[in-house]
1. Among the residues of segment B:119-159, how many are closer than 30 Å to B:N15 by Cα and open to solvent by less than 90 Å² (accessible area, probe 1.4 Å)?
2. How many residues are open to solvent by less than 10 Å² (accessible area, probe 1.4 Å) and over 12 Å from A:M74 (Cβ atoms) when one looks only at segment A:41-58?
3. Which residues, taken from segment B:79-110, are in a helix (DSSP H, G or I) and exposed (fewer than 13 other Cβ atoms within 10 Å of the Cβ)?
4. Quick one: in segment A:62-120, which of the residues that are more than 8 Å from chain B (Cβ to nearest Cβ) and on the phi > 0 side of the Ramachandran plot is farthest from the chain's Cα centre (by Cα)?
5. Given (1) over 25 Å from the mean Cα position of the chain (by Cα); (2) among the small types (G, A, S); (3) farther than 19 Å from B:R276 by Cβ, identify the lone condition not met by B:A184.
6. Which residues, counting only those in segment B:232-269, are in a loop (DSSP other than H, G, I, E, B) and away from chain A (no Cβ under 14 Å)?
7. Where residues in segment B:175-203 are farther than 19 Å from A:A79 by Cα and surrounded by 18 or more Cβ atoms within 10 Å (Cβ to Cβ), which of them is farthest from the other protein chains (Cβ to nearest Cβ)?
8. Looking at (1) away from chain B (no Cβ under 14 Å); (2) at pLDDT 85 or above; (3) surrounded by fewer than 17 Cβ atoms within 10 Å (Cβ to Cβ), find the lone condition where A:L25 falls short.
Amino acid sequence: MGEYLLVSIQVDMHDRLAMTLQADLTDRIVSVHAKGVLIDISALEMVDSFIGRMLGDLAAMSRVLDAETVVVGMRPAVAITLVELGLALKGVRTALNVERGMDLLRNRIDARGREDAGRE
Amino acid sequence: MAKDVAASLNDILQNDQEALLRTWVDRQVGSPGFRSDRTSRQEVADHSARFLTQLREAIRSGDTNILASPWTDARRVLDELSFARAQQGFSPSETAQFVFSLKQPLFERLRRDLVNDPGLLATLTSEADALLDTLGLYTTEVFQRGREQVIMRQQQELMELSTPVVTLWDGVLALPLIGTLDSARTQVVMESLLQRIVDSGASIAIIDITGVPTVDTLTAQHLLKTVAAARLMGADCIISGIRPQIAQTIVHLGVELGSVITKATLADAFAIALRRLGLAVQKTAAAPARRDREGEDRDVRSSLDRPEN
């Protein structure tokens, strides 16, 4: 989707799949010069601490590659689990659904564009 | 009860209290309704011995009104027993059985001791029967009171548990918390809030803690968890209704509220929420003095417009 990447996690993540996803995503960000990444986890029913950390890592990696990341569609049960696990995903932006996530992403990128323009 | 009747009943009770007590306890423990899972023989024997002693004391006074002062101690034993059994989940008849099961051993005893005096036997039997009936009914009454207390307590707990999530405006939810926050309750609150966020697509949730009497580190921890979970769902949380004492406590406890927005009143929090959504409340030129027209609500609503960007 233009300069945005949409990652939709549809199956239950296991550890190896998560590692593959990280590698694929970082490759794609570089190859398409993505400015924003949207991770849709609305199909994710179960999380463990590894998946929680992986989400945080994904966001951090995208940021390093100069792409804004928004995690969308988290289920209530998943949110409670992550909080109980002590993984509040600090520094990761979140939105309720893909639509809201896209709005947030556009706003962020616009704001960043203005900041950069102001600096020059 | 005549003085001489009371005296002879007292004599018979005193005569062989140990044996009477033993047969009575045996009867209770042996009855099909005995709840070995809830009570023990030792406990029953203990209660029975105390009651029998107090009963004898009361009978000696010759007063048959069990609400009179000579019966105070006997009543107290029954009170304790009924209350305890009500809390433990005994049925009313199982509790009343405590008193009624005394009849059989007592009457046997009377028959044996007064075999030569049928007149006195009849009098004593009917007197003792009436007395034990009243005592049994009294037990049931106290039992009922005990149950009522249990129900009242549960009602109170239920009231504390119910936490409605209200929609203040399209996209703004409010969660007025009332009562103490413990782990179990926070879980319920958190789940209902998150579910409502999903259902309504709200982006701002206001947690109002005006009704929370005290905040300790645990409560603060629970609040922060709720805020973090809501954030993961893409909703911002504002904590409002912080009373001065609670603000002091939070600082003294060293609780770090971090980046959570806190406001003193729900109104302030609502104002922030509206601003975030790009809405503003405007005063119309002339406010109607009374609500005397239908459709007045529509006027108020139209004054809430999106400001021009």
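The values are calculated or read from the model by the stated rules, or taken from the named source; none is laboratory data. Just so we're clear, the structure is a prediction, and the values are computed from it rather than from any experiment. Cβ atoms come from the backbone with ideal geometry, glycine included; neighbour counts cover every protein chain shown. With ligands, DNA and RNA removed, areas are computed over all heavy atoms of the protein, side chains included. Shrake-Rupley method; radii C 1.70, N 1.55, O 1.52, S 1.80 Å.
1. Of the residues in segment B:119-159, 21 are closer than 30 Å to B:N15 by Cα and open to solvent by less than 90 Å² (accessible area, probe 1.4 Å).
2. Of the residues in segment A:41-58, 2 are open to solvent by less than 10 Å² (accessible area, probe 1.4 Å) and over 12 Å from A:M74 (Cβ atoms).
3. B:Q87, B:S93, B:Q104, B:E108
4. Looking at residues that are more than 8 Å from chain B (Cβ to nearest Cβ) and on the phi > 0 side of the Ramachandran plot, I get A:G86.
5. (1)
6. Answer for segment B:232-269, where residues must be in a loop (DSSP other than H, G, I, E, B) and away from chain A (no Cβ under 14 Å): B:G241, B:I242, B:R243, B:G254, B:V255, B:K263, B:A264, B:T265.
7. B:P176
8. Condition (3) is where A:L25 drops out.
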